[in-house]
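Only one structure is covered here, and it is reproduced in the block below.
The values are calculated or read from the model by the stated rules, or taken from the named source; none is laboratory data. Quick caveat, the model's predicted, so the values are computed rather than measured. When we count neighbours, we look across all protein chains shown, and the Cβ atoms used for this are built from the backbone with ideal geometry, even at glycine.
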There are 2 protein chains.
Amino acid sequence: MAARQTRQRILDCSLAMFNTQGEPNVTTNHIADELEISPGNLYYHFRNKDDIIEQLFARFDARMDDALAAPGGRLPGLEDIWLQLHLAFECIWDYRFLYRDLVEILSRNRRLRVRFARILKRADDNAHQVMRGLSQAGVMRASAAELDAAATNVLVLATFWLNYAAVRGDKDENAAIRDGIVQVMMLLAPFLRDAERVHLNKLTQAYID
Amino acid sequence: MAARQTRQRILDCSLAMFNTQGEPNVTTNHIADELEISPGNLYYHFRNKDDIIEQLFARFDARMDDALAAPGGRLPGLEDIWLQLHLAFECIWDYRFLYRDLVEILSRNRRLRVRFARILKRADDNAHQVMRGLSQAGVMRASAAELDAAATNVLVLATFWLNYAAVRGDKDENAAIRDGIVQVMMLLAPFLRDAERVHLNKLTQAYID
DNA sequence: GTCTATAAATGGATAGAC
DNA sequence: GTCTATCCATTTATAGAC
């Protein structure tokens, strides 16, 4: 009855604590304390801490899947890319504990490793598709090798931008996300046709101020 | 007498174990076991695990300082950049445990946070200087905003490339470093004059094969 | 300098009562 | 479903003998 509710509360609370304190610094006891339930109760709902992480990952996976859904039939413009980046970065932000300790978390769990690899693959496909669209629209110009490299750079940047912001000591969450988007766009800028390049520079300037 | 030697052995062994197993998974007992000394002995030489990490960080800091030393008086060519990237990536590789759990490690220690911020600052200055050199030599062409963004992207890429390689499951160490260098170079490629762009593509092709 | 022994604290996890 | 009680393993760190 209240089972589903407790389970969800545990997941919500774990996510919040993982995100703010870092997953390695949050124990099952901390979570139980925060929720004012007993450790035994927590272990009634989840086999162990890794089980909680897997469930959170499933949520994350589904959400990222949406964000990476292929854009509509028409060729994408710069604003479409902006929107999609926003969805992706917001998702990463909401599950940033995964990214904060990505290597460590994935090294402990083979399943998550496989699933995260799939996400990266989808993101890579998506980046390629979008850039091909830009090329077809005559907005972008790049060799195949440059396009591959740019796609990879977009992935690395998106994956680790929030960590970089954290290391720099950036405090403002919204600013960090905005900066990340701008940073990715600037990755594509030099490949754009002059008119679009100017357009983008205006967009980013407006965004920054 | 053998004091200095034991101290160094502890540092060397810690570094090796941190790098291969991840710092969070290596305890002071593990290190003592591996060296076949007692935990008490280890604590005679170091106050705690964090002390060991700080000493290793000092080594890393000095080495990265060398790698980021301003290039010679003459304007740098693409090959000079290649070399410098190689030095930086080798340094990061040798102390990759720091980068694997960067946010976590820095969050635990204010001093390291400050020192790492200084390294990032130096790297940013260096990237700007190199790119200004390329611009002055007429090899590169970019607006001030594009140059700033490119410098930041170089930093993020260099900082987290090995993590990205690890997450992808890349096994070959040398290949990961090589790919990282190529990836950073490809970041600059689109800003290069056509002749240099072709030159770079030839360099990277030769490098990849 | 190095060892043995051990304290003190923590984290993960389970049994059994309610 | 939830709690109390508890166990076991691990980790950090120190005291004192050699």
Next on the checklist: I'd like to check something: does the stretch A:155-163 contain any residue that is modelled with pLDDT under 95, assigned to a helix (DSSP H, G or I), in contact with a Phe, Trp or Tyr (Cβ under 8 Å, 6 or more places away or on another chain) and crowded, with 18+ Cβ neighbours inside 10 Å?
Outcome noted: no
In the stretch B:3-34, anything within 14 Å of DNA strand D (Cβ to nearest atom) and of a type in the set (A, V, I, L, M) is listed as B:Ile10, B:Met17, B:Val26, B:Ile31, B:Ala32
B:Ile53 passes all but one of the listed conditions (1) in the same structural domain as B:Leu98 (by TED's automatic domain parsing); (2) over 19 Å from B:Ile105 (Cα atoms); (3) within 11 Å of DNA strand D (Cβ to nearest atom); the exception is number (2)
Only one of B:Arg108, B:Arg113, B:Arg118, B:Arg122 is modelled with pLDDT of 95 or more and either within 26 Å of A:Leu112 (Cβ to Cβ) or in contact with a strand residue (DSSP E or B) (Cβ under 8 Å, 6 or more places away or on another chain) (or both), namely B:Arg108
- request: Would you mind stating whether A:Arg74 is within 21 Å of A:Ala127 (Cα to Cα) and either among the acidic types (Asp, Glu) or surrounded by 15 or more Cβ atoms within 10 Å (Cβ to Cβ) (or both)?
  value: no
Within the stretch A:133-154, of all residues that are crowded, with 16+ Cβ neighbours inside 10 Å and more than 9 Å from chain B (Cβ to nearest Cβ), the one nearest to B:Leu106 (Cα to Cα) is A:Val154
Filtering the stretch B:189-207 down to residues that are within 26 Å of A:Leu120 (Cα to Cα) and more than 9 Å from chain A (Cβ to nearest Cβ) yields B:Tyr207
Counting only residues that are loosely packed, with under 14 Cβ neighbours inside 10 Å, more than 10 Å from DNA strand C (Cβ to nearest atom) and within 14 Å of chain B (Cβ to nearest Cβ), the stretch A:22-42 contains a total of 0
